[in-house]
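Okay, here's the structure, questions in a sec.
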Amino acid sequence: MPEWLEGWPFLPVYLFFVGGAAVRSQATYWVGRGITAGVLRSRWAHRLENPQIERATRLIERWGMPVVPLSFLTVGLQSAVHLSAGVLRLAWPRYTLWAFPGYLAWALVWAGGGMAAVAGAVELGTRSPWALAAVVCLLAGVVAAFIARRRRRAAAGAETVTVVQDA
């Protein structure tokens with residue numbers, strides 16, 4: 001754990017992270033609302049043509065509001081989901097109610113072990129940058145293998161459907 005967190009009881013640390021998740025997601029949501037209100041009619045509208053924002057919008061449109069709390073458990077998609085919720089002009093009370101379980105989950109991850117993992121990575125990097133690079137490469141390889149396996153299964157499923165339709 002970082003020095004500034006050592007000795008603190010779990011509950012205040014947890015509530016600190018809940019507050020951080022709430023402030024960040026609400027700010028991102030309101031930026032999305034502001035974009036819809038003004039930027040779409042300006043010369044900066046082309047900046048919204050972002051694959052992550054488009055993907056998040058499709059996820060919300062397809063799966064509905066459960067995407068909001070689940071997004072807190074992702075990396076890279078989280079902000080896009082909250083921004084898309086604002087761009088889609090989802091009702092603020094509904095968005096906040098759906099986001100609340102996400103605040104709790106995100107805070108539990110970071111207060112429970114996320115900060116310790118980051119502190120451990122920093123410590124490992126200061127002692128042996130090569131060991132940190134090896135760990136990062138290992139984790140990247142695991143993620144890449146998972147994504148490749150998932151894409152192969154999706155492609156195999158699409159081929160099965162095509163074969164059945166051709167018959």
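The values are calculated or read from the model by the stated rules, or taken from the named source; none is laboratory data. From a predicted model like this one, the values you see are computed outputs, not experimental measurements. Note: accessible area is taken over every heavy atom of the protein model, side chains too, but ligands, DNA and RNA are not part of it. Shrake-Rupley method; radii C 1.70, N 1.55, O 1.52, S 1.80 Å.
With every protein chain present, what is the per residue accessible area of region 71-158 (1.4 Å probe, Å²)?
On a per-residue basis, 63 Å².
Taking springs between alpha-carbon atoms closer than 10 angstrom, which of 58, 153, 41 fluctuates most in the Gaussian network model of the chain?
Among 58, 153, 41, the largest mean-square fluctuation in the Gaussian network model of the chain belongs to 153.
Among 128, 84, 71, which one shows the biggest mean-square fluctuation in a GNM of the chain, springs joining Cα atoms closer than 10 Å?
In the Gaussian network model the winner is 128.
Measure off, as a whole percent, the carbon and sulfur share of the 1.4 Å-probe accessible area of region 3-86, all protein chains present.
Here it works out to 64 percent.
Sticking with this structure for a sec: Can you run phi through the Karplus equation (6.51, -1.76, 1.60; θ = phi - 60°) for region 52-68 and list ³J(HN,Hα) in whole Hz, with x for Gly and Pro?
Per-residue couplings from phi come out as 5, 5, 5, 5, 5, 4, 4, 4, 5, 5, 7, 9, x, 5, x, 5, 4 Hz.
Among 122, 87, 143, which one moves the most in a GNM of the chain with springs linking Cα atoms closer than 10 Å?
143
Residue-wise, which Karplus ³J(HN,Hα) couplings in Hz belong to region 17-24, taking 6.51 cos²θ - 1.76 cosθ + 1.60, θ = phi - 60°, and x for glycine or proline?
Per-residue couplings from phi come out as 6, 4, x, x, 5, 5, 4, 5 Hz.
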